[in-house]
Amino acid sequence: MKKAIWILLGVVLFATACSNEQENIGESDSATESFESMDEAERQDTESSEAGGEQSIENGDEGSSAVEEKEVEVEERKIIYTGSLRLEVKNYQQAVNEIESQVAAFSGYIVESSTYDYSEESSTNGNITARIPQERFHEFIQLIEEGSGKILESNVSGQDVTEEYVDLESRLKSKRVVEERLLSFMEQAEKTEDLLTISNDLAEVQEEIEQVTGRMNYLQNRTDLATVQINIEENNVNITGLSEDELNTWEKTKQQFLKSINVILAMLSGLFVFIAGNLPILIPLAGIAAIVWWVVRKKTKPSKEENKEE
């Protein structure tokens, strides 16, 4: 009886131990699964963080490249420079020769040159329009301002046409693409109507390409070479009372003598014209005056003789 009780207690203890081991094994398995799931989540987070880091690095590279592109755009900005100067010089021709030589030294050229001679004021004025390379524009303006002439007016302006030029470039690219497509369609066209329609569209596109190209060439030329307009005024100083005309007394005397003779000749000429032109009237008047004078003289002569006798 006691043996049976001990055997029963041993079986119960064994069963209890087995159940505890199974629970421990289940708990260990669930812990392993949760650990693995946590590892996967952490790996995903890590991968996502690494991807985010790579993206941020790429964005940083893109940002730096964008900054570099902006810097390049700023360096390559297209600006049309224009300068206007008004000079006062003592010798006009000498000043013109100096400016022309300076323009040639700066690898520029003269577009227009005009001269105006004012004989009454004994002075010469003129205008010069020159094209100077853009990179030497300010240097040229400074050289002219520091020259021998007196600066009366100076004006420098710039027009930024970068955006217009970039727009023209994009338009030109799109027009080129359309042109290539129309050319390919023309090669594939089989009907005459389709061929005529495509050729008309192609002609319009090519005309627009020429217009865009011409405008781009114009802007390129205006930005490569700056325009400088120079107005030159000659200033001859005359001292009042010391000019040659005022100091030449002999010449003045001859001129006054000739003027007096001309006045006398004019008076005599007028008198001759008056007498000759009025002879039909003057002759009868002269006859009447002679008769009156003879009658009066005859009457007065006897009265004088009587007075003598008395």
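The values are calculated or read from the model by the stated rules, or taken from the named source; none is laboratory data. A quick note: this is a predicted structure, and the numbers were derived from the prediction, not measured. Ideal geometry is used to build each Cβ from the backbone, glycine not excepted, and the neighbour counts take in all protein chains shown.
A quick yes/no check of all residues on (1) within 23 Å of V111 (Cβ to Cβ); (2) surrounded by 15 or more Cβ atoms within 10 Å (Cβ to Cβ); (3) among the hydrophobic types (A, V, I, L, M, F, W, C); (4) at pLDDT 95 or above:
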{"residue": "H138", "(1), (2), (3), (4)": "yes, no, no, no"}
{"residue": "G147", "(1), (2), (3), (4)": "yes, yes, no, no"}
{"residue": "E179", "(1), (2), (3), (4)": "no, yes, no, no"}
{"residue": "A189", "(1), (2), (3), (4)": "no, yes, yes, no"}
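Condition check ((1) among the polar types (S, T, N, Q); (2) modelled with pLDDT under 90; (3) within 20 Å of V161 (Cβ to Cβ)) across all residues:
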residue	(1), (2), (3)
G60	no, yes, no
S64	yes, yes, no
E73	no, yes, yes
Q102	yes, no, no
A105	no, no, no
E120	no, yes, no
Just give me the residues in the range 200-219 being under 16 Å from K78 (Cα atoms) and in contact with a Lys or Arg (Cβ under 8 Å, 6 or more places away or on another chain), in sequence order. L219
Filter result for the condition that a residue is among the hydroxyl-bearing types (S, T, Y), closer than 30 Å to Q142 by Cα and either surrounded by 12 or more Cβ atoms within 10 Å (Cβ to Cβ) or at pLDDT 95 or above (or both), over T197, T213, T162: T162
Being closer than 14 Å to I230 by Cα, more than 20 Å from the chain's Cα centre (by Cα) and among the polar types (S, T, N, Q) is the filter here; which residues of the range 149-180 pass it? none
From the list T227, T223, which one is touching a strand residue (DSSP E or B) at 6+ places or on another chain (Cβ under 6 Å), assigned to a helix (DSSP H, G or I) and either of a type outside the set (A, V, I, L, M) or surrounded by 15 or more Cβ atoms within 10 Å (Cβ to Cβ) (or both)? T223
